[in-house]
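Input: a single structure, listed below in structure tokens.
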Amino acid sequence: MFPEYRDLITRLKADGSNTRFLSLFEKHNQLDHEILALEDHNASGIHSDIETLKKEKLHVKDELYALLRQEAAAGK
């Protein structure tokens, strides 16, 4: 995810001072695991659940991207 910000992501994770970033990053990973678990079950009726989770994950990813752009622009 966001290879152009790999160094910044590593720094933000290690630094730990940007709690919003850490929260979003953890939420993104959590949603990813939930989606994969549901897809592994491949049961009918959960398709809408998977789609809902994917939309939420995309929203979180958009927020992460905006935050990363802001951090990069600030030169931190």
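For this structure, a couple of remarks:
- Selection within segment 3-26 - within 17 Å of residue 75 (Cβ to Cβ) and either within 12 Å of the chain's Cα centre (by Cα) or of a type in the set (A, V, I, L, M, F, W, C) (or both): 8, 9, 12, 21
- Selection count, segment 27-56, where residues are under 17 Å from the mean Cα position of the chain (by Cα) and either under 30 Å from residue 73 (Cβ atoms) or of a type in the set (A, V, I, L, M, F, W, C) (or both): 14
- Scan of segment 15-42 for residues that are surrounded by fewer than 15 Cβ atoms within 10 Å (Cβ to Cβ), over 15 Å from residue 66 (Cβ atoms) and either modelled with pLDDT of 95 or more or charged (D, E, K, R) (or both), ordered by number: 15, 19, 22, 26, 29, 30, 33, 39, 40
The values are calculated or read from the model by the stated rules, or taken from the named source; none is laboratory data. Everything quoted here is computed from the prediction, not taken from an experiment. Backbone-built Cβ (ideal geometry, glycine too); neighbour counts: all protein chains shown.
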